[in-house]
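Here the structure comes first, spelled out in structure tokens, and everything after it is commentary.
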Amino acid sequence: EYITLKEYLENNKEKHENKVFYVTDEKQQSQYIKMFKDADLDALVLDCSLDNHFISFLEAKESGVTFARIDSDISDILKEENTEDTSDFNKKIEDTFKELNIKDIKEVKVQGLKNLETPAIILVSEESRRMLEMSKMFGGMDMPNMFSEEKTLVLNSNNPIIKKIALNNNENKEKLQLISNYIVDIALLSNKELNAEEMNSFIDRSNKLLSMVIEL
């Protein structure tokens, strides 16, 4: 079922004002789509290479309207409000994952999400991603190297596994790092295809985790 941009904005105004969320790859971004569907949110499918230019045109034409890919931001409706002071808890989680020195991750944040099953997601800055795509299309061979996607790792403080990591007293730091790295692997897999090195690391960690389960 297809609707106009005007209809989309009217249907979703109370949910996320004049921000239009969109999807470029329904398979690769399936986890994000599921979170949106569970929250009764809509997103447009814009899977054409020219859509990047089209949405820029619409943003200029429609005053106040902005487009954001489904993995670039967390709509407020996906978040769970928490009136308690969780600063110490959140800092412990952040510090645990910052110690991993994850390549290409610019920032680590902790956010309570309504979806309890998801331990972590990757957010990619809309602006940096558009610049990278534009440079690949028009900049020649060397231009893409001048730009990089600004990625944020968002850890779900409501997820049981993340909670256990926060409560861990570093009794077995090696296992803690293994599990934490595996959580990042899963988050990255939901955002993009892993390169050869990342895939090898993911398989290696998967085998180690399976060995740990068998020992139980």
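Within the range 24-58, which residues are among the acidic types (Asp, Glu), under 21 Å from GLU193 (Cα atoms) and in contact with a helix residue (DSSP H, G or I) (Cβ under 9 Å, 6 or more places away or on another chain)?
GLU26 - this is the single residue of the range 24-58 that is among the acidic types (Asp, Glu), under 21 Å from GLU193 (Cα atoms) and in contact with a helix residue (DSSP H, G or I) (Cβ under 9 Å, 6 or more places away or on another chain).
Given the options SER157, SER211, name the one that is touching a Phe, Trp or Tyr at 6+ places or on another chain (Cβ under 9 Å) and farther than 27 Å from THR24 by Cβ.
Working: SER211 fails: touching a Phe, Trp or Tyr at 6+ places or on another chain (Cβ under 9 Å).
Residue meeting the stated conditions: SER157.
Is there a residue in the range 65-73 that is basic (Lys, Arg), modelled with pLDDT under 85 and over 27 Å from ASN169 (Cβ atoms)?
Applying the first criterion (basic (Lys, Arg)) to the range 65-73 yields 69.
Imposing the further condition that a residue be modelled with pLDDT under 85 reduces the set to none.
No: the range 65-73 contains no residue that is basic (Lys, Arg), modelled with pLDDT under 85 and over 27 Å from ASN169 (Cβ atoms).
Restricting to the range 167-195, what's the tally of residues that are open to solvent by 80 Å² or more (accessible area, probe 1.4 Å) and either closer than 17 Å to VAL108 by Cα or basic (Lys, Arg) (or both)?
Number of matching residues: 2.
Let's see how each residue does on (1) among the small types (Gly, Ala, Ser); (2) closer than 26 Å to LEU155 by Cα; (3) not in a loop (DSSP other than H, G, I, E, B):
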| residue | (1), (2), (3) |
| --- | --- |
| GLN31 | no, yes, yes |
| MET35 | no, yes, yes |
| ASP47 | no, no, no |
| HIS53 | no, no, yes |
| SER56 | yes, no, yes |
| ALA68 | yes, yes, yes |
| SER72 | yes, yes, no |
| ILE77 | no, yes, yes |
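State yes or no: is GLU94 part of a helix (DSSP H, G or I) and of a type outside the set (Lys, Arg)? Working first, answer last.
Details: part of a helix (DSSP H, G or I): yes; of a type outside the set (Lys, Arg): yes.
Against the criterion (part of a helix (DSSP H, G or I) and of a type outside the set (Lys, Arg)), GLU94 qualifies.
Considering the range 78-106 alone, what residues qualify as being open to solvent by less than 50 Å² (accessible area, probe 1.4 Å) and of a type outside the set (Phe, Trp, Tyr)? If you could, list the steps in order and put the result at the bottom.
Looking only at the range 78-106, we keep the residues that are open to solvent by less than 50 Å² (accessible area, probe 1.4 Å), and these are 78, 86, 90, 93-94, 96-97, 100, 102, 105.
If the condition is that a residue be open to solvent by less than 50 Å² (accessible area, probe 1.4 Å) and of a type outside the set (Phe, Trp, Tyr), then LEU78, THR86, ASN90, ILE93, GLU94, THR96, LEU100, ILE102, ILE105 are the ones that fit.
Looking at (1) open to solvent by 80 Å² or more (accessible area, probe 1.4 Å); (2) at pLDDT below 85, find the lone condition where PHE57 falls short.
(2)
The values are calculated or read from the model by the stated rules, or taken from the named source; none is laboratory data. Only a predicted model underlies this, so the values are computations on that prediction, with no experimental measurement involved. Note: ideal-geometry Cβ built from the backbone for every residue, glycine included; neighbour counts use all protein chains shown. The accessibility values were calculated without ligands, DNA or RNA, using every heavy atom of the protein model including side chains. Shrake-Rupley method; radii C 1.70, N 1.55, O 1.52, S 1.80 Å.
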